[in-house]
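S.K.: Got a structure for you, written out below as structure tokens; questions coming shortly.
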Amino acid sequence: MKDCILKVEHLKKYFPITGGVFQKVVGQVKAVDDVSFEVKQGETLGLVGESGCGKSTTGRTLLRLLEKTAGQVTFDGKDIYKLNKNEIRKLRTDMQIIFQDPYSSLNPRMTVGEIVGESLLDHKLCSKSDLKDKVSETLKICGLAPYHIKRYPHEFSGGQRQRIGIARSLILNPKFIVADEPVSALDVSIQAQIINLLTDLQEKRGFSYLFISHDLSVVQHISHRIGVMYLGSLVELAEKNELFKNPLHPYTKALLSAAPVPDPTFKRNRIILKGDIPSPANPPSGCKFHTRCPYAKEQCSTEVPQYKDVGGGHFVSCHLT
Ligand code: SF4
């Protein structure tokens, strides 16, 4: 069994809601609420769920781009919330992020060479004389030509910009990358190219991904295991094929029933969820899904279901299991 590179335990991230003349704290948005999972070396863990369910906040909190409210994040044996500023700086070389928007995540005033090479100089990992070669090599690996080094982001298409973003994350040779909706701003044909590139790079370099997306088919393509989030909590997590063959949580079943299938003759019983997602500032009591769940019973509105392994690393939180 592969070693665990990242362990997240009972992670919480709440954002204060302020109001009144004195801007007092009057409530909290529970963006991430008691989330636990592990990522193994060389593994891709997909995180899926509707917009606003806390996927991106989870990714950013475990990288310490946002500070946690509670919980523990252990990366490569170190509790990252116990590291000082210098240690966190060092950690940045091992933990990287690919952002969703290839347009706004690149500084329009910097050349591609400056964008991709900036972190190498910042961390003093390369001399100025070697920088050009190192950047050109990384651009090549990401499917860009060395002559692109002098160009600016506006001269590139969306797919090429995302390749620049990937090159920027890769140049430090990280062990772990949070890919936060890396293809959702791209055309479908370009999405496939970027997903294949991410998979190839992982095979060559052996790093791990936390791959965040609202699109189940994209997550299915790239992930080894998949976690499903609803309203700030993980409701189910399992190995990819197990999750698709044997979904246990009613929310996962509803998501799967809505996913497109590449067979026009296949008829699937679509589960339509009633109502909207409740506000994370005021989540429902008991099971957070009970206001929309077709199988909800009395116990569901009062008792929080335990998130437990029901066998073979298949985790679920539902009173029915
Ligand atoms: Fe539905 Fe109850 Fe299970 Fe929640 S605990 S998913 S409400 S059956």
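The values are calculated or read from the model by the stated rules, or taken from the named source; none is laboratory data. All values reported here derive from a predicted model rather than from experimental measurement. With ideal geometry, Cβ positions are generated from the backbone for all residues, glycine too; neighbour counts draw on all protein chains shown.
S.K.: Give me the pairs, please: first residue somewhere in segment 262-289 and in contact (Cβ under 8 Å) with a residue 12 or more places away in the chain and among the aliphatic types (A, V, I, L, M), second residue anywhere and away from the ligand (no atom under 16 Å from the Cβ) and in a loop (DSSP other than H, G, I, E, B), beta-carbon distance under 8 Å, and either six or more positions apart or on two chains.
M.R.: Ile277/Gly52
S.K.: Are any residues in segment 254-284 within 22 Å of Pro16 (Cα to Cα) and exposed (fewer than 13 other Cβ atoms within 10 Å of the Cβ), and if so, which ones?
M.R.: Selection gives Asn282 alone.
S.K.: While we're here: Go through segment 195-232 and give me each residue that's acidic (Asp, Glu) and farther than 25 Å from Thr61 by Cβ.
M.R.: Hits for segment 195-232 are Asp200, Glu203.
Per-residue answers, yes or no, for (1) near the ligand (Cβ under 9 Å from one of its atoms); (2) more than 25 Å from Ala31 (Cβ to Cβ):
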{"residue": "Arg268", "(1), (2)": "no, yes"}
{"residue": "Lys274", "(1), (2)": "no, no"}
{"residue": "Ser279", "(1), (2)": "no, no"}
{"residue": "Cys300", "(1), (2)": "yes, no"}
{"residue": "Glu303", "(1), (2)": "yes, no"}
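S.K.: Between residues in segment 297-318 that are assigned to a loop (DSSP other than H, G, I, E, B) and modelled with pLDDT of 95 or more and residues that are near the ligand (Cβ under 8 Å from one of its atoms) and of a type in the set (A, V, I, L, M), which pairs lie under 7 Å by C-beta distance while being six or more apart or on different chains?
M.R.: Matching pairs, first to second residue: Ser317/Val235.
S.K.: Given (1) part of a helix (DSSP H, G or I); (2) touching a Phe, Trp or Tyr at 6+ places or on another chain (Cβ under 7 Å), identify the lone condition not met by Arg168.
M.R.: (2)
S.K.: A further question follows. Could you list, in sequence order, all residues of segment 281-291 that are closer than 24 Å to Ala259 by Cβ and more than 8 Å from the ligand (Cβ to nearest atom)?
M.R.: Thr291
S.K.: From (1) within 24 Å of Ser217 (Cα to Cα); (2) within 9 Å of the ligand (Cβ to nearest atom); (3) in a loop (DSSP other than H, G, I, E, B); (4) aromatic (Phe, Trp, Tyr), pick out the condition that doesn't hold for Tyr251.
M.R.: (3)
S.K.: In segment 220-236, is there at least one residue being farther than 23 Å from Ala31 by Cα, within 16 Å of the ligand (Cβ to nearest atom) and not in a helix (DSSP H, G or I)?
M.R.: Within segment 220-236, none of the residues are farther than 23 Å from Ala31 by Cα, within 16 Å of the ligand (Cβ to nearest atom) and not in a helix (DSSP H, G or I).
S.K.: Given segment 26-130, what helices (runs of 4 or more DSSP H) lie entirely inside it while holding 2 or more residues that are closer than 28 Å to Phe156 by Cα and either of a type in the set (A, V, I, L, M, F, W, C) or under 13 Å from the mean Cα position of the chain (by Cα) (or both)?
M.R.: 55-62, 112-122
S.K.: Right, something else. Report, ordered by the first and then the second residue, all pairs with beta carbons closer than 6 Å, sequence separation of six or more or different chains, a first member in segment 24-36 that is under 26 Å from Gln306 (Cβ atoms), and a second member that is of a type in the set (A, V, I, L, M) and surrounded by fewer than 16 Cβ atoms within 10 Å (Cβ to Cβ).
M.R.: Val29/Ala281
S.K.: Please verify whether segment 89-99 includes one or more residues that are on the phi > 0 side of the Ramachandran plot and in contact with a Leu (Cβ under 8 Å, 6 or more places away or on another chain).
M.R.: Within segment 89-99, not a single residue is on the phi > 0 side of the Ramachandran plot and in contact with a Leu (Cβ under 8 Å, 6 or more places away or on another chain).
S.K.: On to the next question. Among (1) among the aromatic types (Phe, Trp, Tyr); (2) crowded, with 18+ Cβ neighbours inside 10 Å; (3) within 11 Å of the ligand (Cβ to nearest atom), there is one condition Tyr295 misses while meeting the rest; what is its number?
M.R.: (2)
S.K.: Shifting gears a bit: Would you check if Glu203 is of a type outside the set (Gly, Ala, Ser), part of a helix (DSSP H, G or I) and out of contact with any helix residue (DSSP H, G or I) (no Cβ under 9 Å at 6 or more places or on another chain)?
M.R.: Criteria met by Glu203.
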